[in-house]
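Undergrad: Shown below is the structure under consideration.
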Amino acid sequence: MKQKLFYTATAIFFILSAILHYSGASATVQITICSAAVILLAAFLGRATENVAHYAGERMGGFLNATFGNAAELIIAIFLVKEGLFDMVKASITGSIIGNMLFVLGLSVFMGGLKFKIQKFNELLAGHNASLMLLAVIVLFIPAVFARDFEPRQVDALSLIVAGILIIAYILWLVFSMITHKNELSEIVPTNTVESHEQAHWSKGFSIVMLVVATVMVAFISEWLVGNLEEFTHRFGLSELFVGAFLIAIIGNAAEHSAAVFLAMKNKIGAAVEIAVGSSLQIALFVSPVLVFISFFFGDIMDIVFTTYELVAIGVAAFIAISISRDGKTNWYEGLLLIFVYIILGVAFFMA
Amino acid sequence: MKQKLFYTATAIFFILSAILHYSGASATVQITICSAAVILLAAFLGRATENVAHYAGERMGGFLNATFGNAAELIIAIFLVKEGLFDMVKASITGSIIGNMLFVLGLSVFMGGLKFKIQKFNELLAGHNASLMLLAVIVLFIPAVFARDFEPRQVDALSLIVAGILIIAYILWLVFSMITHKNELSEIVPTNTVESHEQAHWSKGFSIVMLVVATVMVAFISEWLVGNLEEFTHRFGLSELFVGAFLIAIIGNAAEHSAAVFLAMKNKIGAAVEIAVGSSLQIALFVSPVLVFISFFFGDIMDIVFTTYELVAIGVAAFIAISISRDGKTNWYEGLLLIFVYIILGVAFFMA
Amino acid sequence: MKQKLFYTATAIFFILSAILHYSGASATVQITICSAAVILLAAFLGRATENVAHYAGERMGGFLNATFGNAAELIIAIFLVKEGLFDMVKASITGSIIGNMLFVLGLSVFMGGLKFKIQKFNELLAGHNASLMLLAVIVLFIPAVFARDFEPRQVDALSLIVAGILIIAYILWLVFSMITHKNELSEIVPTNTVESHEQAHWSKGFSIVMLVVATVMVAFISEWLVGNLEEFTHRFGLSELFVGAFLIAIIGNAAEHSAAVFLAMKNKIGAAVEIAVGSSLQIALFVSPVLVFISFFFGDIMDIVFTTYELVAIGVAAFIAISISRDGKTNWYEGLLLIFVYIILGVAFFMA
C-alpha cells in the first residue's frame, strides 16, 4: 500500500515537472516541483540500486548506478565538445570529480556515521581506489607541467596519448575488479546491516530495468533543473567556473548523491563508496579521455590541460579522500572533514 | 627524600632565574641558569602530565599538556598581532608546527626507540592525525594559490571564512575524540611500560593543579630565555625567519619538548605523540585561525596566506610525519628521519 | 647437462659481444648479439642472486644485486662528473630512480601477478621504503625551491650539507635494516614458493663470487650496448634528456631488471622489491650525494638542484610507488599502473 503510494507520487511529480518544463513555467515554480521530484527519484534510484546489489553485490550495484549516471553526463558533455565549449567541459569534469570525492562521499560517510559508530568496507578496494585516484591526479598534473613549454600540436598529441592510456587502464581495471580479483574486492556483508525485510526483493531482470528507468528519469529531471539554475545564477552574476564546478555538479547529480547517502544510512557503505569514488574515477579515467577522442573526431582536439585552480581542487580532493578512505573504515568526523574541504574549495572558486 | 630535593632544586633555580631576569644580569649568566631551570621544569612537567594521564588516560594527559603550553604561546602571539607584526606571527606558527611535528616527535620516537625495539600507539588515532595534518596543509595551501589573483579585500574574506571553518573542525574533533569515539581512540596500555613504582601517584585534583603550576613556570622561564636569545641572535646577524621559525620554537618550547621525550622513554609513546602531533594540530587548526579573528577585532585582518618557504616547510613536515606515524608503530630510525628533515629545513631557512 | 649448456652459451655470447665491440662491428650486429647476451646474463644474475638469498635472505640477496649494479653506474657517473657533464649525470640519476621505481617494480609486480593472485612481502619494510622514498623526494624538492633565491655559493653549500645528511641517513638505514631490526624486516617465506628443486644450491662463497662475476659481465655488456645506442639515437635526433633518463636507464640496466622479474615470477617478490626499490633508494640517498662530494674534490661542485621535469618525474614515481607498495601486497593490475605512469612520463620526456 505504502509502496504503491510512493511510486504513484514519483510518477506524478515527474510528469508534472515535464509539463512545467515544456510549457515554460516560471523558474521558481519549476525548481520547487523538480526538487520534490528529485527527492522521490533519489529514493527510487536508491531502491533500484539496492535490488541490483542484492543479486550482483554492492560493488556491481554501485558501479551500475555510477555508470548510468555518468552516461547521461557524457551525452551532455559531447554536445558541449561539439560546440567547442572546452573550458565549460573541463570545469564540469572537475566539478563532478570533486563533487563525488568530497561532497557525496563526505555526506554519505557523515550520515552513515551518525547511525553507525564505525562503518567498514573492503580494505583492498580502498587501497586500489587510492592508487587510481593518484593516477588520475598524476595524469592531469603531467600535461599541465609539460604543456607550458610545448607547442599546441605537441599538447594535442600528448593529450591523445595520455587519453588512450587512461582508457586502457580503466578497461583493465574493470577486468581486474570484475573478473580476475572479483572475490578479493567484494564486500564482507556487515552483520548489523538493516535489511528492509518488509519489502520483497524484485526479480533480477526487473531490478536492472528499474535501475535504467530510474536513471533515465533522473537524467531528464536533472537537465530541467540545471536549465533553470543557469537562468537563476546568471541573474546573480556568478562566475562560469563556480557554476560549472559546483552548482551544476551538485544539483545535476542530486539524485545519485541522495542514493549514496540513502545506502550509507542502511550501513551499505561499500555501495556508497562505489557510487561516490567509483563515479569520480570513471569520470577522470574514462569519460574525460573519451571526450578527448570525441573532440578529435569532431576535428578540434580538446587537450587534457586543466587550469591551476582545477588541478589544485582535484589534487586536494584526491589527497584528503585517500587519507580518509585508505583504511576501509569511516566515521562521522571523517565525513565532515571531506565536506569542510569541499566548502573551502567552493568559497575559493566562488570568489575566483 | 630524593623527591623533596628535586622539588626544592626546581623552585630554587626558578626563583634564581627570575631574580637574574628582573635585575638585568648578563645574557650569558641568565641563559646558563635558565637552561638548568628548564631541565628541572621539564622533568616536573613530565611528572605532572604522567599523573594526569594516570587518571584521565594518556591522550587527555598529552592534550592538557599541549593545550596549556599553547595557551602561553597564544598570549604572546596576541600581543604581536596587536602590534601588526603579522610576518613574525606566521613565522612562529610555522616554527611551532614543524618543530612539534619533526623535532619533538622525532626526538621522542628516537629516544623511545633506543630503549624499546618497536613502540605502538593507537592506529585509528594515527590515521585521524594524518587526515587532520593533511587538512592543515590543504587549508594553508588553497589561500596561497588563490590569493595570487585576488584583491586584498577578497583575501581577507577568504581568510576569515577558512579560519571559521577550521575552528569548527577543531571543536568537532574534540567532540569526536573526547566524547563520541573516546574509547576507539584510547591507548592500549603496553604491558612492558616502565611504571615508576617507587613514587606514589598524586591525587586527581593535585595532579591537575601541578600541571597548571608547571605550565605557568615553564611559560615564564621560556619567555626569559627567548628574551635573552633574541639579544644573542641579533648580534650574530641571524634572519628573522630563522630565529622565529627555529630558535624560538625550540628554546621557547624546550620544557614541553623534554616532557614528550621523557614520556616516550617510559614507553608512553601515545602521550608523546599526543603532545607533539596534538600540539602542532592545535596550533594549525585552532590557534592560527583564532589569531585571524583576533586581528579582525583589532581592526586589521591578518590573512592566512603564508610564504612559499613556510608552506613548503609545513607541507614537507606533514607528509613525512604522516608517512612515519601512519601505522601506529615507531622505531629509532623513524625518529632520526624526522630529525634529518628538520635539520635540512633548518639549514635552508638559515641560509634564506 | 642443461645447466652446462646454459653457462657455455652465456660465456660464448659474452665473448662474441666483446669481440664485436672491440673490432668495431656495425651497431646493428652488435646490438643483436649483445641483446642475446643480456638475456642469458640476466638469467645468470638472477640465479646468482637467488643463491645468495638462499644463505643470506631475500633482502640481502636483493641488496647485494642492487649494490653491485649501482657500483658500475657510480663509476660511469664519476667520469661524467669529472668532465663537468652535470646535466647528463642528473638526467641519468633521474632515469635510474624512476626506471627502478616504475618500470622494474612495475614489470616484476605485473609478471609475478600473472602467475600468483596476490604476492606479499614484509609490510614494515614497505612502510619504511615509503618513508625513505618520501625523504628522497623532499630532499630534492627543498633545494629546488630555495635555490631560486640563493646565490650559487649558497646553493653549493646547501647541496654539500644535504648530501652529507643523506649519506648519514643511508648508512644508518643499513644499520637499522641489517642489524638492529633485521628480523622485523625479513621476509616471511611464502609456502607456495616455486623452489627449483632440480638444481642444487651453490656453496655460500661460490654464490657471492658468481654474483660478482655476473655483475661485472653485466656492467661490460651494458656499457657496450649503451655505446651503440647513443650512436643509434643521435641519428634519430632524440633529446639528451630522453636518452639519459629513459633509454640508457632501461637498456643499461636490462639485466638487473630481468633478474628482478625472474625472481618475482618465482614468487620471491620480496627480493624483486628490494632490487627495484632498494636500488632506486640507493641511488637517491647514496650514489647521488656521493657524486656531489666527488665533484667537490674535483673542484667544481655539482649542486643537488634538479630541473622541474626531473623533480616532477621523481615525485610522481615515488607517490604512485608508495601508494601501490604500502600494503605489502601486489597484483598484476598494480604492476600495470606503474608501467602506465612510466609510459606517460616517457612520452612527455620524449616530446620535451
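The values are calculated or read from the model by the stated rules, or taken from the named source; none is laboratory data. Everything numeric in this text was worked out from a predicted model, so none of it was measured. No Cβ is skipped: glycine too gets one built from the backbone with ideal geometry, and neighbour counts run over all protein chains shown. Each accessible area value is taken on the protein alone, full model and side chains, heavy atoms only, with ligands, DNA and RNA left out. Shrake-Rupley method; radii C 1.70, N 1.55, O 1.52, S 1.80 Å.
Undergrad: Quick one: what pairs do we get from segment A:297-308, first residue within 14 Å of chain B (Cβ to nearest Cβ), second among the acidic types (D, E) and open to solvent by 70 Å² or more (accessible area, probe 1.4 Å), C-beta under 9 Å, 6+ apart or different chains?
TA: Listed by first residue and then by second, the contacts come to A:T307/A:D87.
Undergrad: Oh, and also: If I filter segment B:324-340 down to residues being more than 17 Å from the chain's Cα centre (by Cα) and surrounded by 24 or more Cβ atoms within 10 Å (Cβ to Cβ), which single residue comes out as farthest from the other protein chains (Cβ to nearest Cβ)? First the steps, then the outcome.
TA: Of the residues in segment B:324-340, the ones more than 17 Å from the chain's Cα centre (by Cα) are B:324, B:326-334, B:336-337, B:340.
Now drop any that are not surrounded by 24 or more Cβ atoms within 10 Å (Cβ to Cβ), which leaves B:324, B:330, B:334, B:337.
Numbers: B:I324: 5, B:T330: 11, B:E334: 7, B:L337: 6 Å.
Top of the filtered list is B:T330.
Undergrad: Also: Quick one: A:S26 ticks every box in (1) under 30 Å from A:F349 (Cα atoms); (2) in contact (Cβ under 8 Å) with a residue 40 or more places away in the chain except a single one, so which number is it?
TA: For A:S26, the exception is condition (2).
Undergrad: Looking at (1) farther than 29 Å from C:A219 by Cα; (2) surrounded by fewer than 23 Cβ atoms within 10 Å (Cβ to Cβ), can you tell me which one C:Q119 breaks?
TA: Unmet for C:Q119, out of (1) farther than 29 Å from C:A219 by Cα; (2) surrounded by fewer than 23 Cβ atoms within 10 Å (Cβ to Cβ): (2).
Undergrad: Right, next: Name the one entry in A:A43, A:A25, A:A9, A:A77 that is in a loop (DSSP other than H, G, I, E, B) and open to solvent by less than 40 Å² (accessible area, probe 1.4 Å). Spell out the reasoning first.
TA: Numbers: A:A43 fails: in a loop (DSSP other than H, G, I, E, B); A:A9 fails: in a loop (DSSP other than H, G, I, E, B); A:A77 fails: in a loop (DSSP other than H, G, I, E, B).
The match here is A:A25.
Undergrad: Another question, if that's okay. For C:A147, indicate whether it is open to solvent by less than 40 Å² (accessible area, probe 1.4 Å), more than 11 Å from chain B (Cβ to nearest Cβ) and either touching a residue at least 40 places away in the same chain (Cβ under 8 Å) or not aliphatic (A, V, I, L, M) (or both). Let's see the steps before the verdict.
TA: Working: open to solvent by less than 40 Å² (accessible area, probe 1.4 Å): yes; more than 11 Å from chain B (Cβ to nearest Cβ): no; either touching a residue at least 40 places away in the same chain (Cβ under 8 Å) or not aliphatic (A, V, I, L, M) (or both): yes.
So C:A147 does not fit the description; no.
Undergrad: Across segment B:329-346, what is the number of residues that are more than 19 Å from C:I171 (Cβ to Cβ) and among the aliphatic types (A, V, I, L, M)?
TA: 1
Undergrad: Moving to a separate point now. Taking segment A:40-59 on its own, how many of its residues are modelled with pLDDT of 80 or more and aliphatic (A, V, I, L, M)?
TA: The total comes to 6.
Undergrad: Also, I was wondering about something else. Taking segment B:309-323, which residues are among the β-branched types (V, I, T) and at the interface with another protein chain (Cβ under 7 Å from one of its Cβ atoms)?
TA: Those that are among the β-branched types (V, I, T) and at the interface with another protein chain (Cβ under 7 Å from one of its Cβ atoms): B:V312, B:V316, B:I320.
Undergrad: Which number in (1) open to solvent by 10 Å² or more (accessible area, probe 1.4 Å); (2) part of a helix (DSSP H, G or I) marks the one condition that A:L105 misses?
TA: In the conditions (1) open to solvent by 10 Å² or more (accessible area, probe 1.4 Å); (2) part of a helix (DSSP H, G or I), A:L105 misses (1) alone.
Undergrad: Within segment B:293-309, identify whether any single residue is among the charged types (D, E, K, R), open to solvent by less than 30 Å² (accessible area, probe 1.4 Å) and under 27 Å from B:W173 (Cα atoms), and answer yes or no. First the steps, then the outcome.
TA: At the first step, the residues of segment B:293-309 found to be among the charged types (D, E, K, R) are B:300, B:303.
Right, trim to open to solvent by less than 30 Å² (accessible area, probe 1.4 Å) and you get none.
No: segment B:293-309 contains no residue that is among the charged types (D, E, K, R), open to solvent by less than 30 Å² (accessible area, probe 1.4 Å) and under 27 Å from B:W173 (Cα atoms).
Undergrad: Now for a separate question. For segment C:166-183: of the residues being among the aliphatic types (A, V, I, L, M) and open to solvent by 20 Å² or more (accessible area, probe 1.4 Å), which is nearest to the other protein chains (Cβ to nearest Cβ)? Reasoning before the result, please.
TA: Step one: of segment C:166-183, the residues among the aliphatic types (A, V, I, L, M) are C:166-169, C:171-172, C:174-175, C:178-179.
Next cut, open to solvent by 20 Å² or more (accessible area, probe 1.4 Å) only: C:167-168, C:171-172, C:174-175, C:178-179.
On the way: C:I167: 11, C:I168: 8, C:I171: 11, C:L172: 6, C:L174: 10, C:V175: 8, C:M178: 12, C:I179: 11 Å.
Of everything passing the filter in segment C:166-183, C:L172 is nearest to the other protein chains (Cβ to nearest Cβ).
Undergrad: I would also like to ask the following. For segment C:239-352, which helices (runs of 4 or more DSSP H) that fit wholly inside it have 3 or more residues that are under 14 Å from C:V104 (Cα atoms)?
TA: Working: elements: C:248-252, C:254-264, C:269-282, C:288-297, C:308-325, C:332-351.
In segment C:239-352, C:248-252, C:254-264, C:269-282, C:308-325, C:332-351 are the helices (runs of 4 or more DSSP H) which contain 3 or more residues that are under 14 Å from C:V104 (Cα atoms).
Undergrad: Among the residues of segment C:120-136, are any outside any helix (DSSP H, G or I) and touching a Lys or Arg at 6+ places or on another chain (Cβ under 7 Å)? Explain how you work it out, then say what you get.
TA: First, pick out the residues of segment C:120-136 that are outside any helix (DSSP H, G or I): C:120-122.
From what is left, the residues that are touching a Lys or Arg at 6+ places or on another chain (Cβ under 7 Å) are C:120.
Looking for residues that are outside any helix (DSSP H, G or I) and touching a Lys or Arg at 6+ places or on another chain (Cβ under 7 Å), one finds at least one in segment C:120-136, hence yes.
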